[in-house]
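The structure appears below as structure tokens.
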Amino acid sequence: MKCKILRKHLPLDIIERWLKDSDCDVRTAAMNACNGRDVPLDIIERGLKDSDWRVRTAAMRLAANKNMITRTIDPPEKVYKRCWNGVIVVAHIPEDAHIRGRVGGKCRASKAKIIDILGDFGGEKIGISLYDGETCYFIGDEVEIDNFDMSFEECSAGFHFFCTEREARNYNV
């Protein structure tokens, strides 16, 4: 026989009390109890600032569901995108861009400004996307992704880049 458990929500006053507890397991349980319900933003913000990574991770899940987190990293001044023929597009990510990814891995942004192109394709300073072979990048272009996906999926809609030139050069599709 299968049993269906009907969960009752933990009252917010208990969640708030648990978030002040010295035990990180209790604080983590409090953040996890918020999942699937509408909670005040100050509770999520408190979780995002917690000293324990497990509490912050639980809070990030809640914040992502509310589209509160717009950046998972602050990128360096210059970022790098590998294109056809070993061409590297150098870009700047504006302050108001949404970013998903991590340092040391592939990242993506909702906006970018192309500031340089290292190498050439057929004698032209142009970057041609490895993804579709059609998208072209020129110095001075401002890229804006209309359908940027706020999820944490690595290969989703966005301007893909790496934080170092070396990572971009070593990238294999």
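Provide, for region 35-161, the number of lysine pairs with alpha carbons under 30 Å apart, each pair being eight or more places apart or on different chains. The number of close lysine pairs in region 35-161 is 20. Exposed loop sites, defined as chymotrypsin sites (Phe, Trp or Tyr not before Pro) outside DSSP H, G, I, E and B with at most 13 other Cβ atoms within 10 Å, are absent from the longest region of the chain, namely 1-130.
Please compute the alpha carbon radius of gyration of region 124-173, then divide it by the globular-protein estimate 2.2 N^0.38 Å. Two decimals is fine.
Details: Rg = 12.1 Å, N = 50, 2.2 N^0.38 = 9.7 Å.
In units of the globular-protein estimate, region 124-173 measures up at 1.24.
Here is the tail figure for region 17-163: Cα pairs spaced more than 24 Å apart come to 43 percent of all pairs.
In whole percent, and with a 1.4 Å probe on the protein chains, what portion of the accessible area of region 66-173 is carbon and sulfur? Each step should come with its number before you reach the end.
Values: 2830 of 6040 Å².
Carbon with sulfur: 47 percent of the solvent-accessible area.
Summed over qualifying helices (DSSP H, 4 residues or more, each -39500 (n - 2.57)) and divided by its residue number, the chain shows a 222 nm mean residue ellipticity of -7500 deg cm²/dmol. Exposure check, 1.4 Å probe, all protein chains in place: Ile15 carries approximately 0 Å² of accessible surface. Think of a 1.4 Å ball rolled over the protein heavy atoms: the chain then has 62 Å² of accessible area per residue. Derived scalar couplings between HN and Hα for region 73-79 equal 9, 9, x, x, 4, 10, 10 Hz in order, rounded to whole Hz, by the Karplus curve 6.51 cos²θ - 1.76 cosθ + 1.60 (θ = phi - 60°), x for Gly and Pro.
The values are calculated or read from the model by the stated rules, or taken from the named source; none is laboratory data. Quick caveat, the model's predicted, so the values are computed rather than measured. Heads up, the Cβs are rebuilt from the backbone with ideal geometry, glycines too, and the neighbour counts pull from every protein chain shown. Each accessible area value is taken on the protein alone, full model and side chains, heavy atoms only, with ligands, DNA and RNA left out. Shrake-Rupley method; radii C 1.70, N 1.55, O 1.52, S 1.80 Å.
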